Amino acid sequence: MHANALFERVTAQIIAAIESGPGSYKMPWHRWGEGLGQPVNAVTGRRYRGLNVLQLWSSAELEGYESGRWATLRQWSEAGGKVRKSERATPVVFWKSTTAARGEADEEGSHTSRLISRCYYLFNEAQVENVEPKRRVQRLSPDQRIASAESFIRATGADIRFGGDRAFYAPASDHISLPKFEQFRDPLAFYGVAGHELVHWSGAKHRLDRELSGRFGANSYAAEELVAEIGAAFIAAKLGLALAPREDHASYVSSWLKVLRNDPRAILTAAAKAQEAVDYLVSFSDEARHGETESQSRWAA
């Protein structure tokens, strides 16, 4: 499968998910924070990232898989497993940076790097026989997950002000405004909204300088909201939290559909920018816990 075909496939799945639940605003990533978290390679333990996370979440949602472990046919075979006949693979794409070969240098004689893509085909653990189920990783209790989320937010050092009934990031004053904790229907709703606004906060000029107008033009605001929505889902998966649909996103749904329908590569950009934002936000937690013992760290949800 060509990379462009994968982008179109993921885009189609997300559009179908949005259109299939009018009034619920459910996306393919809304069920995975608590259940499966970030998809991982069953053999190497490597976590999938960016667009591949959306692709694997979408496939798991469509097929009803209850495992977040994936691997190629060869990897499962080498692990002693056997993929059942007629099972369909889920494609993912990986990018690799290469330097132009001699003779392909630019006019100034420098050899520029190029990105090339390669598709791999994965099977979920639920599609495989003769493989011992991986021993479940000990999950943190709800209280521990909340403590982990609190630690994550605090580590960023973001200026968060509480009050009012709206959640937003104000670029001029560089602060996040959130309703009070008790105004949310439950703690998970609070942390989902906080994650969304932290993704916006990460894009400030003196941080990641995320400027989407050149890429999306008049649709840059909708694209930024999509980045924040996907980024919040990635954060929730990292923390082991569930991310529920938000009714206040009703006004964004039509604009998201417009962005996705007009540009099959839009989802690639949105997922990549969301992953970049989450990596940036996670870096604060990594720094904060530097020197801590494993038992002291709560960043393992």
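Values in this text are rule-based calculations from the coordinates and carry no lab data. All values reported here derive from a predicted model rather than from experimental measurement. In this analysis, Cβ positions are derived from the backbone assuming ideal geometry, glycine residues included, and neighbour counts consider all displayed protein chains.
Some notes on this structure:
- Cβ-Cβ FRET estimate between Ala218 and Val43, R0 fixed at 41 Å, reported to 0.05: 0.35
- Separation of region 258-276 from region 146-214 is 22 Å, based on Cα centroids.
- Overall, region 142-288 carries a charge dipole of about 320 debye about its Cα centre when +1 sits on the Cβ of Lys and Arg and -1 on the Cβ of Asp and Glu, all other atoms neutral.
- Judged by the mean number of other Cβ atoms found within 10 Å, the most tightly packed of the peptides 3-9, 196-202 leads the ranking 196-202, 3-9.
- Two-site FRET efficiency, Phe162 against Ala204, from Cβ-Cβ distance with R₀ of 22 Å, rounded to 0.05: 0.60
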